[in-house]
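Taken together, the values in this text are just the output of simple stated rules run on the coordinates, not laboratory data. All of these numbers come straight from a predicted model, not from anything done at the bench. Ideal geometry is used to build each Cβ from the backbone, glycine not excepted, and the neighbour counts take in all protein chains shown.
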Amino acid sequence: MRKRGIIYGALAAISIVAVISVTFFVKASSSKYGTIEGKIADELSGDPVRGVRIVVDGRSTILYQTTSYELTKIPPGEYLIQVSPPSGWVKFTKKIKINPGKNRLDIPLKGDKIPDLKEIICFSESKKEGIIIEVRFVDSKGIGMTEYPRLPIKIEVTLWERIGEEENYKKGKKLFEGPVKDFWDSQSYLEKNKGILAWDKIPGIKFEDRKMGIMEVRVHLKQGNFKDIIDDVKLFPEKEEK
């Protein structure tokens, strides 16, 4: 019985050594490679760029609704990382050095233009803080765009009081003319570019009169100037749903 116990003990010891050896081999093998990871997003908005392709040493990945990327099992060395975003963003390339283990590179994608931009359609929403101007970009097929970069933009408006009946009205007194503060709404599907005209910028307005207005919206981008008319601007805050 003692001899059998010695044999079992020896076998157990050999098994433990084998497991340790395999574990060490796996770790040693994996440590020969590097991983590159980081954040990739629109430079100005921080939003994900749908359909961007990242390539390093023949390894590639395509991202959709995420701003995180990772490429694994890259032999250490110097490489060229190539990033191909959809139309509207500038391609990104950079020489990088991959070391064993984790490597990090954050990639801000610079917007270049709004592709196939033909015109704008504008809407307004009267909130407690002011009149929100919503800008929708429309392509040459008449379709509202959903995927485009955030670009430097200037929004100017002229606001008149609306006189007359709903089907037979005209411009009345001019209430405001000039630039408005622009902002980006990542949660919006079509109208991500927006502006706000605060109520205190419109002198003499009385909410209780519940008047309507006409607004001309002028949008200035690097690729051109665009204009639209909103003829149903509420000159009073709408009740917000809770």
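Quick notes on this one:
- Highest-fluctuation residue, Glu37, Glu156, Glu166 considered, GNM on the chain with Cα pairs under 10 Å: Glu166
- The alpha-carbon of Lys97 sits under 18 angstrom from the alpha-carbons of these aspartates and glutamates, leaving out residues fewer than 8 places away in its chain: Glu37, Asp57, Glu70, Glu78, Asp106.
- Compared with the dominant principal axis of the Cα atoms in the chain, helix 2-30 is inclined by about 40°.
- Charge dipole (the chain, unit charges on Cβ, about Cα centre) - positive-most of Phe226, Leu44, Phe236: Leu44
- Eligible aspartates and glutamates near Lys201 by straight Cα distance, threshold 17 Å, same-chain separation 8 or greater: Glu125, Glu129, Glu156, Glu161, Glu177, Asp182, Glu216
- Each of Leu175, Ile121, Val138 was placed along the dipole of the stretch 120-198 (beta-carbon charges, centred on the mean Cα), and the one lying farthest toward the positive end is Leu175.
- Charge dipole (Cα centre; +1 on Lys/Arg Cβ, -1 on Asp/Glu Cβ; no other charges) of the chain amounts to roughly 1820 debye.
- Packing-based order for 120-126, 226-232, using average beta carbon neighbours within 10 Å, highest first: 120-126, 226-232
- Residues whose placed amide H lies under 5 Å from that of Asp47, excluding near-sequence neighbours: Asp42
- Taking every C-alpha pair closer than 8 Å and separated by at least 6 residues, the mean separation divided by the residue count of the stretch 173-242 gives a relative contact order of 23 percent.
- Within the stretch 131-157, backbone nitrogen closer than 20 Å to the virtual label 7 Å beyond the Cα of Glu177 toward Cβ: 154-157
- Unit charges at the beta carbon, dipole of the stretch 36-109: most positive-side option, Thr66, Thr93, Leu80: Leu80
- Legend: residue pairs Lys206/Lys227; Lys110/Lys174; Lys118/Lys194, Cα-Cα distance threshold 30 Å; pairs beyond threshold, Lys110/Lys174.
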